[in-house]
Each structure stands twice: as structure tokens, then as C-alpha cells.
Amino acid sequence: MSTTGSLETALLELDELQAGAVRTFEAAASPDEVEAARVEYLGQKQGRLKAAQERLRSLPNEVKKAYGQRFNGVKQALEAAFDSARARVERRAVAAGGIDVTLPGIAPRLGHRHPLAQTADELIDIFGRFGFAVARGPEVEDVRHNFDALNIPPVHPARDPLDNFYLSDGTMLRSQTSTIQVRVMESQPPPVRVVAIGRVYRPDTVDATHSFMFHQIEGLMVDEGVTMGHLKSILRLFAKSYLGEDVQIRFRPSFFPFTEPSVEVDMLWHGGRRWVEMGGAGMVDPNVFKAVGYDPERVTGFAFGLGIERLCMRRHGIDDIRLLYQNDVRFLDQF
Amino acid sequence: MIVSWNQLTDYVRLDMPVEALTERLALTGLNHESTEDVGGDLAIDLEVTSNRSDCLGQIGVAREISVLYGKPLRLPAASPRTAGEPVEAFAAVSVEAADLCPRFTARAMTGVKVGESPWWMRKRLETLGVRPVSNVVDVTNYVMFECGQPLHAYDLDKLEGRRLVVRKARPGEKLTAINGKEYDLRPEMLVIADAARPVGLAGVMGGLDTEIGPGTTNVLIEAARFDPMSVRKTSRALGLFSPSSFRFERPLDPEVADWASRRTAELILELCPGAVLHPGVIDVASPTAPREPIVLRLAQIPRVLGIEVDPVEVRRILEALGLRVLDETDRAIKVAPPTWRADLEREIDLIEEVARIHGYEKIVEDRPIPVASAPRGRRERVESAVRDALTAQGLDEAVTFSLVEDALAAPVTAEGADAPPLRVSHSSRRRENALRRSLVPSLLAVRRHNESYGVADARIFEIADVYIPREDGALPDEPARLAIAAGGEFLGLKGVVETLLRRLLIVEPLSARPAGLPLFAAGRAAELWLGDVRLGWMGEVDAEVARKFELRNACSAAELDLGLLLEKARTIAQYSPLPSYPAVVRDLSLVLDRSVTWAELEAVVRENAGGSFREAHYLDTFRGGNLGDQKQSVHFAMTFRRDDRTLTGEEVDEAVKAVVEACSRKLGATLRA
């Protein structure tokens, strides 16, 4: 065997020793396994490093230096692997006496805004960006604001006592937020740009989709030169803001005494197949303008109304309107 | 309103798929509810808005289709052959209540053989959802659903005196209707009577005694118009609704009655070949005012719709709808509306007709809207801050009904509690008919609901109006309130209110004054004041009240005037400089009579602690031990600081000494050993 050949073999064995030792230390998962690895490789009596050191003596003198240098490198690597393994298993041991970090935190409970309030807030926010300020009005109304000024004559079926909540003095709980439109126009000259919001009351039989009290938001814009094109444009902007970019809007003819032309507003979004009715709208009827002292030959305007419950239920997948008024904390906690 | 596909083809050619037709109708004003296959025919259910009573018959819908598709409309001529003596030989009609019956027509037929209708008639009625009865009755129903005019056929021989009188009911009169039920009539109800008794509720339902039966041979056909309000009132008062009353409640074509009568006779002749229609008609009609022509200024179309419509198209649409052009210039069209469109009276009505037939899809949706500033109003900002402050403290927002049962309608205070709440009168709300004067009872009911579903401590708030009646006949006051209900004790809830006020940056000091309030336990309730204005009330709910509400767990509640919060809240915070010199804090424990309140103690401390005193911070109260049952020890911390230099210990000692002396002098306090 040549001198060179025996050195090469010896160095190869040192490399293998290092690789095997590092693997073993890294695999050790407990203090016992680390100790066993230490005894195997670094043990003072039977350790494999010790054996490698003794091999030095059997090598020719001219290669001892080269072997010794490599041996020192291997020794340092094994000691480092041992230290690292020991530190690793000791950390675990500390943790066992510490906290269970996977336990849930101690969370302060946040309350929740009512989903109807959240929906109303979002609508107010969107229409605010279009320049519509919020208007409010009384819930107990006179028939002038709820009917007369809205072009609903005394013989109109909408005034039937069966379909309204009248009080004994002839006033009533408003059946629509359009009353607020009248009050706003009575109190200021045009131009007008408001959203009226609030509770309204109709004696519907209560079921999963009907309540005798619910909430409406109604927009009103009056100025010179306001057209149905503006109405459609505003509603399309609203649809985009509320439902997303991919949305279409269409008008279907309808009938409301206080607007003419009157339309139902349908929307279609996210590639849906079914048009969904979102609310009613129309151009303010000239008789309404006359009732509030506006000149219908000078100004035009549009109005639209949306049911907040319906938008809220659709938004959050709520299938029973009664949940909104039960105020079960298990329900409120979901919003 | 159900239309039959097969029947529509009698009047207009249908060469389009049914889906295309219903889509087109929906987009022009007749909303499509459903289409159902009925043994080879299609029953198409359309929603007719209250202004379009012309579409309460098959012909009205056919007319819409003819306009939309530019197809001719074919109507039955309704010109039956007549024979024998004139109608006057068989019957007489007098209208005593002409204000409620603008027109009443009668035709007489003899030799009628009542039997089953032929197959085609039964089939048609089946599509419309109408049960076939007998040939004569089926024809009256068929014609009503054809043209919208309700009709009634009497057994002429059963009419006492062979005459009909249109009058109001007399006291005590009753009528058994063809549904077999007996109705007590009231004097304001319009009836059709014979010489002796009522034989029909005008416009609502005929009477059983005079109905067409198997033995009927002579028939009187009624086609009339009645006052819509009168029909509606009678129908609602008796809870009796019929396809006839539904139509009479709406404006009908004043001209269609005679056509309908002739059409009925024509079909009875067809179904009973041996029958004879006697010449003439008894037609009692009040003169009707001619309808005014309508002028449509063409410039109004773009002014309202925002798009131009070609004047040729405008004229085509109006004429197709049955409007007669009286005059036309390049700026305006003057038209006379058809009798079946009572809803067309004004220029704007015509603009709507042009818009819906021309198509709303042609209205542009890219009009720029001028910018306008609409910052969030004060109410929205402050309400939002209130919601933030309360939800951050773990409270959930509730929305409860304003109409409540009496137990939930009482005000928080004893003031006005004896007066009744405002009430609505409606049969659907016999119990829950009061407008509430406080939100707190509703929130207690919410807590009970949650308790029964396993949530023992629902901490909730609501923002809503309450309704306070006024003496002067004006609309009630509707102050907006904020109410809070939570479990636990007074001070816990007071802390929630204090945190809320801090969040609203309210500078006026909150003070609480003991108060006796019906909802709250004695000695555990207070009025809350901001400066010298009352903010509201709070307290621990009285045990008896809790029992009434079936509450298992202790509860505190507060109700605050939201208007005052809106007024006092600041929406923009103002910075004050941070202190440059350190503060010195000294604790004191003073033994005092139990009657001395913290507010009294704090006031004495503040007035006597000198210029470097900043605040007194309450820590706790000790009672019992060797203090006896008259005394208490109050433990608090005082903070001293100057803005120009560091305080010395001696200065603070002097201030504390002055405080102790003042408390001793004014409150009889001693330092706790």
C-alpha cells in the first residue's frame, strides 16, 4: 500500500465519521438519545473519535500532519453538533415545565354593531360619496306628509286603514321614508341631494320575509336638468360600489303615486343568471313638486328607495327577517 | 291576473316563444310571476300594478302585446241577434243612489236552458283558475276575465216585481250571498234590491235566492259601474273579496259595460241555442264629464328621460295605445286618451307611456353627476363613535320594535307614567299596539330571550326614538335615546357610560343624583347629569320588575338622551401639552360618616388641596371591622403637580395636611389609624 493511498483511505473514513455523527446528533430527539450519541462518538473510552485519533499512530510520519489537521476539523464539527443537539433537547425540556403555547388566548370580547346598522352605514357611506347627505324625519306622521303631498289622493287604496297603522288622532306611523323627502323639500329650495333613512311601518303579517316594522333608505335629487339618465347612472354607480364592478342594472315599469315614470330596479352581478329586484325608483311626480312649492316647469328630480333588511339579508345570507329583531347574542356575535 | 295563451291568440297573433313574450311584458310593465301548463294551454300569471286596471282582462293584455309587436288587435263584435218584445216588457231598473252607481245596464233573455258549458268554455275557465258552474254563470265569468267588466246574471222570475233598485241597505237588512253565507248589511252599503229585499251586494257578490239555478229559464244580465270606494268599504267591512270587487275597486272603462253585456248575451245564445235576447237595453247612466285632451310637448321627453325619442316613434306609440291624435305640430302632440286608460290624464303620464314602450334599456347610464360635498353629518359621526365605544366594551347592538305591549311602553321616569302611551289601532296588533316611551323594557325582554337560550349575560344597547305624546295636538316628541342593559352592578354600568363620555370627548362633568325610578331598585338608581342638563337615568333593575320580565339574572340598565350626547360630543380632539414635571401622588384613608358621598368628599378635597392639586382618584371604601355600623373608611389617591417646576415633599405635605384639616372640619373626617 502506498503512503498516499493509505492517507486517502484514512481521510475518507474521517469524512464518513463526521457525516454519520452529524446525522445522528441531528436525529436525536431526547436527552437520552443525545447522550447515547455522545458516548458513541465522543466517549473517552470507546468513542469512535477516540478510535480515529488512535489511528494517527499507525500512519506513516509524512502524512501524520495532514491527517491531524483534518482530525481536528472533524472533532470540532462533532462537538458543535453535540452542543447544538443538547441545547435543542434542553429547550424542549424547559418548555415541558412552561406554558402550553397552543392554548387559546384570553380574548377580550368585542361587541358587534347590529347587521342592519352595518348595512345602513355602508349605504350612507356610498351615497355620501355621491354627494347625498343624510336626512331624517318623524316616524309618527300626518297624512299630509305620508299621502297628500305624495300625490296619494284620499280615495287611494294605499290609505286604507287595513294597510296602515293609524293613531286615534288621525296621524299614523309612516309607511315609507318618502315623508322625509317632502319635509326636506318643504324646508329648503332646490337643489336637493339627500338620502332619507329610518324605520317604517306596515301591517304585513310577520313571516320569514315580512315584518310590520322595517327600515328604508331613499334617495332624492332635485335640480334643473336632472333626468332619468342621471337616475340610472347613480343607481349603476351604487350597484358597482355595493356589489362590485361586474354588475348590470335594468329598469322595469312600475307604479308609485309619487314618481312618474316609476320603475323597479333589477340588478345582475358576478355573472349571475337571475335579475334580482333591489328597489323602486322614478322621476318625482310634478304633483309632489307642486305640493312642496317647487315649480315642476323649472326643476326635475329623481327618487329611489331600497329596503335595508332585504339588502342586509342578501348580503349576509340571512334567511329569516325575524332574526334581525330577536337580538339573540348568538346571532349578533356573527357580524 | 292569469291570462290564457290560447285565448290571447283569439285577439292577437302570437308567433313568439312564450318566454320571449313574458320577458317583453315584464320589461314594459306586466311583471311575470309564473307560467303553468294547464292541459295543453298555458296559464301565464302577470302582476298588474294598481294604475293599470285595463289589464285586468285578457283583451287588455292582448292590446299591450299588439302595441309591443306591432300586430293588429281583433276584438269580438258582440252584436247578438235579438227577437221578441223589448226588454222593458220584462224588467225595470231604478237607481236611487246615483252617486254610487254612475251606470247600470240590464238586458233580458228568455227561453234559456241552464246546463253544463261546452268543453271549450270549461277548458278556458280551467286555465284561468275558475271553477265552471253552469253555462250562464260561466259566460258571465268568462266575459269578466275577457274584458275586465264584472257582470251578474239574475233569475228574472225570482226578482220580486221583476225590478231592480240600486240603493243603500236599510237598517236590519240581511243578505245570503251566493257563497251561502249570511251578511248583516249596514246602511252605508250599496245593494241591488228587487221590490222587496236586497238581492246582491253591489259590485261584491250576488244573492243566493236569485242566482241562476237548474230551473232558470229567464235571465236578467247586469253590467254596471259602482263607486270604487263604496265597493272597497263594503268588501272590507264584510271581509268578502271577489274577482268582481277587485275590479270594481279600480277605475273601469266607463264604455265597456254595454259591450260586456252584449258579449254575454252573444255567448249565452251560442251556448243555449233556444234562448232569446230581447231587443234594447235598460241603461241608467249619469252624464260623465268629457275627458280633457292631453298635450305632450316633445321637449319634455328629453327633459325627463334624458334621451331623445323620434317624434314619429312617439306618435306611433301613442296611437297604438289607443290615444287619438287631435292635433300635431313639430313641438307638441295633442291627444285624447282612450276610455280604458283612466290613468292617462297628464303630460307626464304620456311621457311614461313613451318611455316604457320605447324601452327603458335605451335610457343612458353614463351621465356625469356634478360633485357635491356631503360630509358625514354630526348625527352619523357621533352615533358611530357611540357604537365604537360600546362595542369596544363588549356590548352588542340590538334593534327592537317600537310598537310594544303595554308592559314595555312605560317611560323610565315616574313623570307621565300615568298617562297612556300613543297607540295604533289595527287588528293585527291588538296587544302590541303601544308606542314605547323608553327603550329599557325592550332591552330587558332581549335579555330574557337570551337567558332562555343559554346566554346568561347579554350586554346590549340600542339607539332609537321614543314617542312622547304632546298636549297641543302637534305630532309627538320623538327624542332619540341610547339605552344600555347589562348584568351586574350599578358601578359597572356607570363605568361603561363614563368610558362612552370620554370617547365622545365630552368635557362637561358627569354627575349622578340619587333618584327613585319605577324600573329600578330603591337606593340603587340615579339621574345622570352633564353639567346642569339631565343626560338620563340608570340603575339596578328592581327585583319585582325583574320577576315580571322573568329575568333570572341581576341586571343594570341606563337610558340616555342621544340628542344631548350629539350636542355635547366633540368630533375633533384638541391636544393639551404633556406635563414637563413629575407628579406626586399621596394616598389618604379617611374615616367618615356613611352618609358622606364621594362627590361631597371630592369637592372638599378639591377646594382645599391648593393650586398644585390635579385630581383625586377614588380607590375603595371599607365598612365594618372596628368602624362600627355608622362609619366608613374611604381610600383615595391625590395627584399634585406644577407646570413650572418640580414640587417639594414639604409643599405636598402641607397640601395634604390642609385637606385632612378641611375634611375634619367640614365632614367630621378622621385619619384612619
Once you've got the Cα coordinates, tell me which of A:Lys232/B:Lys334; A:Lys45/A:Lys65; B:Lys123/B:Lys181 are over 27 Å apart. A:Lys232/B:Lys334; B:Lys123/B:Lys181
Over all residues in A:227-238, what is the mean tally of Cβ atoms on other chains that come within 10 Å of each residue's Cβ? 6
Inter-site label distance for A:Thr209 and A:Arg109 at 7 Å from Cα along Cβ, in nm: 3.5
Modelled label reach - B:Glu188, point 7 Å along Cα→Cβ, the stretch B:202-241 residues with backbone N closer than 11 Å: B:230, B:233-234, B:237
Using a Förster distance of 30 angstrom, determine the FRET efficiency expected from the C-beta separation of A:Asp15 and A:Ala93, and round it to 0.05. 0.35
Here the FRET efficiency for B:Ile307 versus B:Ile369, based on Cβ atoms and R0 = 22 Å and rounded to 0.05, is 0.85
If you filter the stretch B:225-274 for chymotrypsin sites (Phe, Trp or Tyr not before Pro), then keep DSSP loop positions with at most 15 other Cβ within 10 Å, what is left? B:Phe241
When only Cα pairs under 8 Å and 6 or more residues apart are kept, what is the percent relative contact order across chain B? 9
Based on DSSP H runs of at least 4 residues, each adding -39500 (n - 2.57), what is the mean residue ellipticity at 222 nm of chain A after dividing by all its residues, to the nearest 500 deg cm²/dmol? -14500 deg cm²/dmol
What do you get for trypsin sites (Lys or Arg not before Pro) in the stretch B:120-208 restricted to DSSP loop and a cutoff of at most 13 other Cβ within 10 Å of the site's Cβ? B:Lys181
Under a point spin-label approximation (7 Å from Cα along Cα-to-Cβ), what is the A:Glu26-B:Leu510 distance to one decimal in nm? 6.2
Members of A:Lys50/A:Lys75; A:Lys290/B:Lys233; B:Lys113/B:Lys158; B:Lys494/B:Lys631 lying beyond 20 Å, as alpha-carbon distances in this model show: A:Lys290/B:Lys233; B:Lys494/B:Lys631
Of A:Leu306, A:Gly272, A:Gln53, whose Cα points farthest to the positive end of the dipole of chain A (charges on the beta-carbon: +1 Lys, Arg; -1 Asp, Glu; origin at the Cα centre)? A:Gln53
Label point 7 Å beyond Cα of B:Arg524 along Cβ direction - residues of the stretch B:537-573 with amide nitrogen under 16 Å: B:538-558
At R0 = 30 Å the Cβ-Cβ FRET efficiency linking B:Arg547 and B:Arg430, nearest 0.05, sits at 0.75
The local net charge around A:Leu11, scoring Lys/Arg +1 and Asp/Glu -1 for residues other than A:Leu11 whose Cβ lies under 12 Å from its Cβ, equals -2
Suppose the chain between B:Ala289 and B:Arg316 were pulled fully straight at 0.36 nm per residue; how much longer would it get relative to their current alpha carbon spacing? 7.0 nm
What GluC sites (Glu not before Pro) in the stretch B:539-639 are in a loop by DSSP, with at most 15 other Cβ atoms within 10 Å of the Cβ? B:Glu550
Name the residues of the stretch B:535-575 whose amide N is less than 11 Å from a point 7 angstrom out from the Cα of B:Asp388 along the C-beta direction? B:571-573
Partner chain Cβ atoms within 10 Å, averaged over the residues of B:420-426 - can you pull that number for me? 5
For B:His635 and B:Arg470 in one chain, what is 0.36 nm times their gap in residues minus the Cα-Cα distance, to one decimal in nm? 54.6 nm
Hey, how many Å between the Cα centroid of the stretch B:18-38 and the Cα centroid of the stretch B:601-645? 80
Quickly estimate the mean residue ellipticity at 222 nm for chain B, helices only: each DSSP H run with n ≥ 4 gives -39500 (n - 2.57), and the total goes over all residues, rounded to 500. -9000 deg cm²/dmol
Longest chain A segment clear of GluC sites (Glu not before Pro) sitting in DSSP loops (not H, G, I, E or B) with at most 11 other Cβ atoms within 10 Å runs A:1-223
Which whole number gives the average count of other chain Cβ atoms within 10 Å of the Cβ atoms across peptide B:358-371? 6
Taking other Cβ within 10 Å of each residue's Cβ, how do A:Lys75, A:Lys65 sort, fewest first? A:Lys65, A:Lys75
What nm distance separates the two modelled labels at B:Arg381 and B:Lys334, each placed 7 Å from Cα along Cα→Cβ? 5.8
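Any read-out appearing in this document is the output of simple, stated calculations on the displayed coordinates, not a laboratory observation. Everything numeric here is computed off the predicted structure, so don't read it as measured data. For neighbour counting, all protein chains shown are included, and Cβ atoms are generated from backbone atoms with ideal geometry for every residue, glycine included.
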